[in-house]
Structure formats: C-alpha cells, structure tokens
1. May I ask you to work out the translational diffusion coefficient for the stretch 237-390 at 10 °C, viscosity 1.306 mPa s, via Stokes-Einstein with Rh from the Kirkwood sum over Cα pairs, reported in whole µm²/s?
2. Semi-axes of the equivalent ellipsoid for the stretch 209-306, please: Cα gyration tensor eigenvalues, times 5, square-rooted, ordered largest first, whole Å.
3. Which value does Rg/Rh take for the stretch 40-193 over its C-alpha atoms, Rh per Kirkwood?
4. Would you work out which of 53, 198, 84 lies farthest towards the positive end of the dipole of the stretch 2-272? Charges go on Cβ: Lys and Arg +1, Asp and Glu -1.
5. Apply 1/(1 + (r/R0)^6) to the Cβ-Cβ distance of residue 294 and residue 221, taking R0 = 45 Å, and write down the FRET efficiency to the nearest 0.05.
6. Just order 343-350, 401-408 by mean Cβ neighbour count inside 10 Å, highest at the front, would you?
7. To the nearest µm²/s, what D does Stokes-Einstein give for the stretch 138-246 at 25 °C and 0.890 mPa s, using the Kirkwood radius over alpha carbon pairs as Rh?
8. For the stretch 2-272, with the dipole built from +1 on Lys and Arg beta-carbon atoms and -1 on Asp and Glu ones, taken about the Cα centre, which of 178, 133, 65 lies farthest toward the positive end?
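Nothing in this text is a laboratory measurement; each read-out follows from the coordinates by a stated rule. Nothing here was measured: the structure is a model prediction, and the numbers come from that model. A quick note on method: Cβ atoms are made from the backbone with ideal geometry, for glycine too, and the neighbour counts reach across all protein chains shown.
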Amino acid sequence: MIGTFRTPHRLGRLALTAILLLLAGLAPVGQARAQDAELSAQFDEITEEVSGIRELPIESDVVEAFLSREDLQADLLKTIDEDYPPADRQADERLLIALGMLPEGTDLGELYVDLYSEQIAGYYDPETDELFVISGEDELSALDEVTYAHEVVHALQDQAFDLETIREPFMDSDDTILAITALIEGDATAAQLDYLLGDPQLLADFSTEIGDLPASPILDAAPAVIRGSLLFPYEAGQAFVTALREDDDWASVDAAFDDLPMSTEQILHPEKYTTERDDPTAVELLDLSDTLGAGWEALDENNFGEYQVRLMLEGELSGGGAEDAAAGWDGDRYAFYANEDEDVFVWQSVWDSEDEAAEFAAGLQEYDESRYDAEYEGDDTLTLDIDGASVRLVLDGDTVSYVLASDAGLADDSLAELAA
C-alpha cells in the first residue's frame, strides 16, 4: 500500500509517471469523515514529531480526514473522464501497444481506477492543503499512522517548497517530472522510515498489519511500465535521498528542492547529480505534419529517459541487458503521429559516448527482433518490415534514430525528415 501527493497532470502519458498521475482532479464530495478532538490531537502529535524528524517547520495547520476505499473508488469513477479524457486514453493505448509496452485491449482508465483503488493508503492534496487517510475506521491503525506520517512530509514539503510550482517549468518532460517526483516521494519515504524505526512498538504493530494485508492482484498483473513507474519514485527515490543525506543529512535534501534533479538517470545514479553532474542534453525533432499531410494528427511529443528506456527493453531483454543498454543515456525526444488507420513514431536519442549509443542500438534491435520474431536487415540503416509495421534504426556516432510506422513508405519518408 502506498501514499502520495495529488497533482494536476495529464493521466497516462508515455512515461506513465503513475505517482504524478495519481488522483489528478480527485475531490471528495462530502464523503471524507471529520475527526473528533482526541483523534485530532493524535494527528497533531504525529505532525509535530515528523516535523522534528524531517527538520521542516509547520508553517500552517494540516487538515486531515479519513476516506473509505469505497468512496475513493467512487470518486475516481466520477472524475476519470475529466482527468483522463477518453481520447487521451485511446492515444496512449495506441502508442504503448505499438511499442510493445501494453497488451492489446488494455483500457488504461479502467486499469488506473482499479489499481489506485487497490493500492492507495493515503494522499496529500497541495491544491487544498488537505491530507486523506484511506481507512474504513475512525481510529488510527499502525498502517494508518505510518501513512499519515508519510503524507505529513508532503504537507511540510508543500509549505516549504510549493510542490505545484516547482514542477511547472518541466511539464514538457515526463522524465524530469518523474525525477522530481522521485525526490518528493523518496524524501517522504525516508522520513516515514525514520519515524517508524524510532518507535519499536509501532514497528512491531506495523509489521503485523502489513503481513495481514490482502494480496495485490491488480498491481501484480499490471504491465511492467505501469507497475514500474508506480514504484520507482518510492524505491529509487528513497535510495537517491539516502545518498543525498550522506553529505549533510536533511539539509542536502532541502538543497535538492532548490536545485532539482533533471532526469531519472540522476535518480538511478546519484553521483550524476552530486559529484559528476550530468544534466540531460536537449533533443529537438522536426515537425512531420507537412511531410505526413492532411488527416494526420500529432498525438504526443515527450521523452523517455533512462528509466523508461530500461522498462521498455526489459520486456524482451534478460539478464541485465536492458539496464546495460539504457545506461549512458544523455537525452531523447519522441513524437507520435496518427490518422484514422496509420501510425508514425519517431524517436531520437543521444548517448554519453559512441560505445554507449552502439550498446543501446544493439539492445533496441534485440528488443524488436524478439517481439516481432523477425530480423533486421541492412548496414547503415537497419530495416525491419512485417505485415502492419515497418521499423528503421540508424546508429550515427553518439546518436540513435528510430522510426516505427504502419508501412515502409511512411517509415522511409519519416526517417528522411528525422535525419534532416
């Protein structure tokens, strides 16, 4: 079970930054249960203790309430079409299926509602400064207390750093947004752990309750791109924050909110943020609208980043091959176009060295040959043509260009524009 903060962000982009997407636009309508004085005092006590652990001041009151899991699901169902319009869902499904990252027939809206209803233990809403614990009881279990401690960190972060404002300049980069989310969630997870380990009885009770939790069949069965993006900010984010604290404890974490990580590469390799700073290289793509002509629409333009590249390749590569192929990422940009029946996906990435680019190109070639059960042909430009899909792959120094289209003519024309 997880807790998170709510933020307004389009649901279901290619990076599928699931924590950011979580509960976007969710507004409980009269269903949250107000607390009695005794429980409010307990909340205040936890808030004070977390503030001391995290070394962030309480600048204003934190408003908290319980919300039942049934009410959470009902609100998600009411708001899903507004927060994640059907047209956006269908575009995302179309792209992810084309890239082999989502099974045919997946309904992303239904999947998100089911997944969040199963997994969310609490959330903080920076728009309303409200904190919700998902529970069917009007008293705190150990799990509720630890969840509240996590969400209080988000409230304190918001008061100190303004969680909505710090992300606004980077909304055109899913990878940067995922990296910032990892800082936010990693910070809260690390402080939550300090809170838990500081109370042996709470730790014992929490361990018992965690052991009694039901299975998570929806999360377990979710496609890797969904599951991985949901867990990344907590797992990799906590490791990143732990690395930051080795320098000057929480002061180093505070400093990171003023000098944000720019990529999941920096989260995965903290030294590329701290001692060997390696910010992403910007990649610009030509607009293919004129080349493709009437009837075509640009459905999406964004980036993958190292972590999402790894997630994709893990669908077919084994034994650490995906991790090795994704390492050395330095920047990327993709665009996805479609008409009623055809698709064109163009993607260009740059790498830290020619060797790193060659390793990624080889990994991408292996990925496609495995999922299509076919082999690339050619030398300078690798081509793979099967019924319904044509792929072009070009390695040029430290740059890899990739085109996936519905037929060979579209692929060749798009590659020519990408090369230009």
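1. Values: Rh = 17.7 Å.
The estimated diffusion coefficient comes to 90 µm²/s.
2. They are 33, 26, 9 Å, listed from largest to smallest.
3. Expressed as Rg/Rh, it is 1.01.
4. 84
5. Numbers: r = 41 Å, r/R0 = 0.91.
Here the calculated transfer efficiency is 0.65.
6. Numbers: 343-350: 22.8, 401-408: 20.5.
Highest-to-lowest ranking by the protection proxy: 343-350, 401-408.
7. Rounded, D is 158 µm²/s.
8. 178
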